[in-house]
Amino acid sequence: MRFCIIGLGSFGTHLTRQLTRDGHEIVAVDNNPAHIAALKDEVEYIIQADCTDLNAFHEIPIDECDAVILAIGENFEASLSIAANVQQLGARRIISRIINPLHGRLLKLLKIDELLIPEAMAAAWLARSLKTPDVINSLELGGGFEIAQILVPRPLVGITLQQVDLRGRYDLNLVTIAKGRGATPLSSTRHPINKVLGIPLPTRDFEEDDILVLFGQAKDIRRLMRDYGEKA
């Protein structure tokens, strides 16, 4: 996919690097030459421009991007002005960082409803990681269900899926097993997956560097991790 990220401060830079690592094409834009210099060797399409000026968009392919992400930090007025410009140019999808509740309300008046607060999202993620430290990543699906990537509990290493009986004992489905060297949940970015093994055979032994992708109730995933947690 192709994303335009406007604003290359701390949040915009991290997002640009993560999406690039994930294989997406990025159009990165900022008016600060220092921010441009920091990413110029990592992003092929990077532009120095003041997007509060509608004329600046003549070299930014807004209409060719799947989404425009406004990652602007402190400049409240600039953020609103750029949001209005991007909307006027007919962006397919606009996602905006918000600075405070007033900023969010004004963006909603512009009919921009995909709003995010990176600090709040990071805090929520960290709280979940501290509560369940072996969860690398999770996606809540509603109704108590989630898909979670967890580090294989050490007591399971050398034991087969058949022996553990995740479905019978925990009502969990093992979707697949991934490999990731040096996996750790408390990381500033999602842990890169090196390899996905497909549908796991019931006779395969769990290995030390396995990342289990589980589907089921969040409470059952936590119960599995409690049962196989290392005892002090």
When you go through (1) among the β-branched types (V, I, T); (2) modelled with pLDDT under 75; (3) touching a His at 6+ places or on another chain (Cβ under 8 Å) one by one for I211, which number turns out not to apply?
(2)
Limited to segment 139-191, what total is found for residues that are hydroxyl-bearing (S, T, Y) and at pLDDT below 75?
4
Condition check for F57: in contact (Cβ under 8 Å) with a residue 40 or more places away in the chain, in a helix (DSSP H, G or I) and closer than 24 Å to L109 by Cβ:
no
Taking segment 28-54, which residues are part of a loop (DSSP other than H, G, I, E, B) and under 18 Å from L15 (Cα atoms)?
N31, N32, K40, D41, E42, V43, E44
State whether one or more residues within segment 52-64 are of a type in the set (A, V, I, L, M) and farther than 13 Å from F3 by Cβ.
yes
Being surrounded by fewer than 15 Cβ atoms within 10 Å (Cβ to Cβ) and either touching a residue at least 60 places away in the same chain (Cβ under 8 Å) or closer than 10 Å to C4 by Cα (or both) is the filter here; which residues of segment 66-102 pass it?
D66
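Which of the residues belonging to segment 1-41 are of a type in the set (G, A, S) and either outside the structural domain of S79 (by TED's automatic domain parsing) or touching a Leu at 6+ places or on another chain (Cβ under 7 Å) (or both)? Steps first, answer last, please.
Filtering segment 1-41 for residues of a type in the set (G, A, S) gives 7, 9-10, 12, 23, 28, 34, 37-38.
Within segment 1-41, G7, A28 meet the criteria.
The values are calculated or read from the model by the stated rules, or taken from the named source; none is laboratory data. What you see is a predicted model; the values in this text were computed from it and never measured. Glycine also receives a Cβ, built like all others from the backbone with ideal geometry; neighbour counts cover every protein chain displayed.
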